[in-house]
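Heads up: the structure comes next, in structure tokens.
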Amino acid sequence: GRMASLYELAVKWDLIILEDDAYFWLQYPDGPEHVPGLQLRPGFLSLDVDGRVIRVDTLSKLLGPGFRLGWLAGPPALAHKFALYTAGTSIGANMLSQVMIQQLLTKWGRQGFEAFVAQLQQRYARQAAVAEAAAARHLAGLAEWQPAVAGMFLWLKMTAPGADSRKLIEASSAEGVMVIPGHLISVPHLEAAARARQQQQQQQRCNAAALAAAAQYEGAAQQQLQAE
């Protein structure tokens with residue numbers, strides 16, 4: 001499949017794969033009546049045989065974004081480096097959130113957790129079906145899409161000549177429907193945003209260096225005046 005082909009390319013070019021799968025738990029390939037529960041489609045980590053996949057999971061789309069909790073799985077050497085980095089930057093995840101989640105999962109057990117995941121999958125599967133039906137009713141001939149089988153979003157590609165996604169976004173917003181322009185999460189856009197942040201950081205460092213040099217010069221000048 002496509003995933004295996006991508007992994008083979010990573011092996012060929014000796015690349016590390018960072019698998020950030022925030023919507024992993026929200027799978028519903030067969031609709032709301034036959035959700036998979038915990039029998040989920042595996043990711044790149046299941047293919048990894050030479051320690052080149054780092055998988056990042058989160059509770060933000062499963063139990064709630066406010067917990068600010070996630071976890072990492074991958075080669076022990078890389079995981080150890082990440083643990084050291086985390087300890088040096090944020091001193092680890094929120095302790096209160098960790099205790100709350102540990103107590104919740106202990107109380108649920110595997111059976112209770114799977115029941116929760118299944119009802120969440122059913123909810124999003126129903127919402128996806130409603131969104132797809134609305135698209136078929138209002139956007140036929142104007143856009144194309146693939147049925148959603150996981151996650152929270154329905155991806156649309158505007159195909160009508162002269163179609164303006166901005167008008168769709170404005171009209172949808174007025175009806176309480178959120179539409180996000182695809183270019184905001186395209187690779188070129190993300191690369192440009194990263195370059196802009198890097199330039200801003202460099203500018204800040206330059207400004208800080210200039211201020212430090214100016215302060216040193218001013219201090220030296222004052223000392224010279226006092227000496228005279």
*When ligands, DNA and RNA are left out and all protein chains stay put, how many square angstrom of accessible area per residue does the chain have with a 1.4 Å probe?*
72 Å²
*Counting only protein heavy atoms, what percent of the accessible surface of the chain is carbon or sulfur at a 1.4 Å probe?*
59 percent
*Along the charge dipole of region 137-198, Cβ charges K/R +1 and D/E -1, which of MET178, GLN198, LEU139 sits furthest on the positive end?*
GLN198
_Computed FRET value (nearest 0.05) for ALA133 with PHE113, which takes r as the C-beta separation and R₀ as 35 Å_ = 0.70
*asked:* Using the Cα centre of the chain as the reference point, and only Cβ charges (+1 on K/R, -1 on D/E), how large is the resulting charge dipole? Debye, rounded to the nearest 20.
replied: 280 debye
*Out of all DSSP beta bridges with both ends in the chain, state the antiparallel percent to the nearest 5.*
60 percent
*Have a look at TYR28, TYR124, TYR85 and tell me which one the Gaussian network model of the chain (Cα, springs below 10 Å) gives the largest fluctuation.*
TYR85
*Classify region 1-124 as rounded, prolate or oblate, taking a ≥ b ≥ c as the square roots of the eigenvalues of its Cα gyration tensor: rounded when a/c is under 1.5, otherwise prolate if a/b is larger than b/c and oblate if not.*
oblate
*lysines whose Cα lies under 22 Å from that of LYS157, excluding same-chain neighbours fewer than 8 positions away*: LYS167
_Simple label model, 7 Å out from Cα along Cβ direction - GLN98 to ARG166, nm_ = 4.8 nm
*What is the set of long-range amide H partners of ALA150 at a cut-off below 5 Å, with H atoms built 1.01 Å from backbone N?*
TYR28
_Need one number for the chain: average projected area of the convex hull over its C-alpha atoms, nm²._
21.7 nm²
*Collect residues whose amide H, placed 1.01 Å from N in the peptide plane, falls under 5 Å from the amide H of THR58; neighbours closer than 5 in sequence don't count.*
TRP71
_Inter-label distance, nm, simple model (7 Å from Cα along the C-beta direction), GLN198/ILE91_ = 3.2 nm
*Roughly how many nanometres apart are two label points built 7 Å out from the Cα toward the Cβ at GLU144 and LEU45?*
3.5 nm
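The values are calculated or read from the model by the stated rules, or taken from the named source; none is laboratory data. Computed from a predicted model, the values in this text were never measured in an experiment. Positions of Cβ are generated from backbone atoms using ideal geometry, with glycine treated the same way; all protein chains shown enter the neighbour counts. Surface areas here come from the heavy atoms of the whole protein model, side chains and all, with no ligands, DNA or RNA. Shrake-Rupley method; radii C 1.70, N 1.55, O 1.52, S 1.80 Å.
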